[in-house]
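Below is one structure, written out as structure tokens, with a few remarks after it.
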Amino acid sequence: MIRSQIIGSGAGLPERIVGNEFFSYLIDDADEWISSRTGIRERRFVSPNEATSDLAVRAAKAALADAGIDGSEIDCIVVGTSTPDMILPATACMVQKEIGAKNAFAFDLNSVCGSFVFSMDTADSFIRSGKAKTALVIGADTYSKILNFEDKTTCPLFGDGAAAVILRAGEGDTGIQQTFIRSDGNGWPLIQVPSSGSRKPVTAETIAAKENTFYMAGKQVYVFATEAIPELIQTVCEQAGITPDQLDWLIPHQANLRIIDSVSKKNHIPKEKFLVNLQKYGNTAAASVGLALDEFRRNGTIKPGQLVLVMGFGGGLSWGGLLIRF
């Protein structure tokens, strides 16, 4: 059986570190207020002249170096992002140029914070069908470009970043074992940038009303996540013929420690099995789970033979999971 196996991974992070105290203009005792509610201590923001593709290229080059391959060996590039450099062309094509992936087809995918999982599932489908042998998957976002810095319920939550994984067709037990992706369009209004496309084009009036910035109905999204993710865990495990206690690690979307705590309790999975780095990076949207995967793979926490469930959720509403044996 052909499986998509991870042969390399990498991260692309801005240099600028932004601690919780940055938001003191907006929140009294900002560090305590933010960390107690989310677990976030700091995040990274890009500089004014940096864009999503810059971080994506950085992550891609790191993954190529880790895999020990050249860009010309890539057949397929999928960039998951909801903050592309521009509405067109695809950010993936910009990455393609910069890494010399002359033999690849490239496109973007937007499932908001679930984009990395959806992109991995898509690349896995290309590999299993035989349409690609080696795929580069990137999750990258620069939410600092679209945040409303007067909204204390959203702006302290997010950071910028990119993560890349290289998948290659292989045989054996390792690689992606099972995937699951779902969407519920009834929830699309809960996470949006109202003035950003053809429905409500950006105008001076929408900018003045801050309708060109990120909006999230936090309480409703929390309810969605704490219901959808436990069900996702059970479904993926059942489809793979295992039980949740057989998972070595879980990598959840790095959004909020309270969500992770709730999922841990609902599924009776020890909190210690959840790999978390959101305290350093905040919610990096499409980069979130990829950054955690890369960090804990590289530092040896994730060991060969272990089963890891990677989970994402976000706007759309969309959610999904990947069961991977390393």
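The values are calculated or read from the model by the stated rules, or taken from the named source; none is laboratory data. Remember, it's a predicted structure, so these values are computed and weren't measured experimentally. Methodologically, a virtual Cβ is constructed for each residue, glycine included, from the backbone with ideal geometry; neighbour enumeration extends over all protein chains shown.
Residue by residue, here is whether (1) more than 23 Å from residue 222 (Cα to Cα); (2) outside the structural domain of residue 118 (by TED's automatic domain parsing); (3) not in a helix (DSSP H, G or I) holds:
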site	(1), (2), (3)
259	no, yes, no
266	no, yes, no
280	no, yes, no
286	no, yes, no
294	yes, yes, no
300	yes, yes, yes
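Under 6 Å between Cβ atoms, which residue pairs at least 6 apart in sequence (or on different chains) link something in region 19-47 that is assigned by TED's automatic domain parsing to the domain that holds residue 85 with a partner that is aromatic (Phe, Trp, Tyr)?
From region 19-47, the pairs are 27/33; 30/23; 43/281.
Considering only strands (runs of 3 or more DSSP E) fully contained in region 122-213, which possess at least 2 residues that are within 30 Å of residue 18 (Cα to Cα)?
In region 122-213, 134-142, 160-171 are the strands (runs of 3 or more DSSP E) which contain 2 or more residues that are within 30 Å of residue 18 (Cα to Cα).
Tell me which residues, restricted to region 120-155, are among the acidic types (Asp, Glu) and in contact with a Lys or Arg (Cβ under 9 Å, 6 or more places away or on another chain). So that I can check it myself, show each step before the final result.
Step one: list which residues in region 120-155 are among the acidic types (Asp, Glu), which gives 121, 124, 141, 150-151.
If the condition is that a residue be among the acidic types (Asp, Glu) and in contact with a Lys or Arg (Cβ under 9 Å, 6 or more places away or on another chain), then 124, 150, 151 are the ones that fit.
If you check every pair at least six apart or on different chains, which have Cβ atoms under 7 Å apart with a residue in region 135-150 that is over 15 Å from residue 287 (Cβ atoms) and outside the structural domain of residue 54 (by TED's automatic domain parsing) first and a residue that is part of a loop (DSSP other than H, G, I, E, B) and aliphatic (A, V, I, L, M) second?
From residues that are over 15 Å from residue 287 (Cβ atoms) and outside the structural domain of residue 54 (by TED's automatic domain parsing), there are no pairs.
Scan region 214-248 for residues that are assigned to a loop (DSSP other than H, G, I, E, B) and exposed (fewer than 12 other Cβ atoms within 10 Å of the Cβ) and jot them down.
Let us first name the residues in region 214-248 that are assigned to a loop (DSSP other than H, G, I, E, B), namely 214, 217, 241-243, 247-248.
Within region 214-248, 241, 243 qualify.
Can you spot a residue in region 48-60 that is in the same structural domain as residue 108 (by TED's automatic domain parsing), touching a strand residue (DSSP E or B) at 6+ places or on another chain (Cβ under 9 Å), surrounded by fewer than 18 Cβ atoms within 10 Å (Cβ to Cβ) and not small (Gly, Ala, Ser)?
No, region 48-60 contains no residue that is in the same structural domain as residue 108 (by TED's automatic domain parsing), touching a strand residue (DSSP E or B) at 6+ places or on another chain (Cβ under 9 Å), surrounded by fewer than 18 Cβ atoms within 10 Å (Cβ to Cβ) and not small (Gly, Ala, Ser).
Which residue pairs have Cβ atoms under 7 Å apart, sit 6 or more places apart or on different chains, and have a first residue in region 187-213 that is on the phi > 0 side of the Ramachandran plot and a second that is surrounded by 15 or more Cβ atoms within 10 Å (Cβ to Cβ)?
From residues that are on the phi > 0 side of the Ramachandran plot, the pairs are 210/148.
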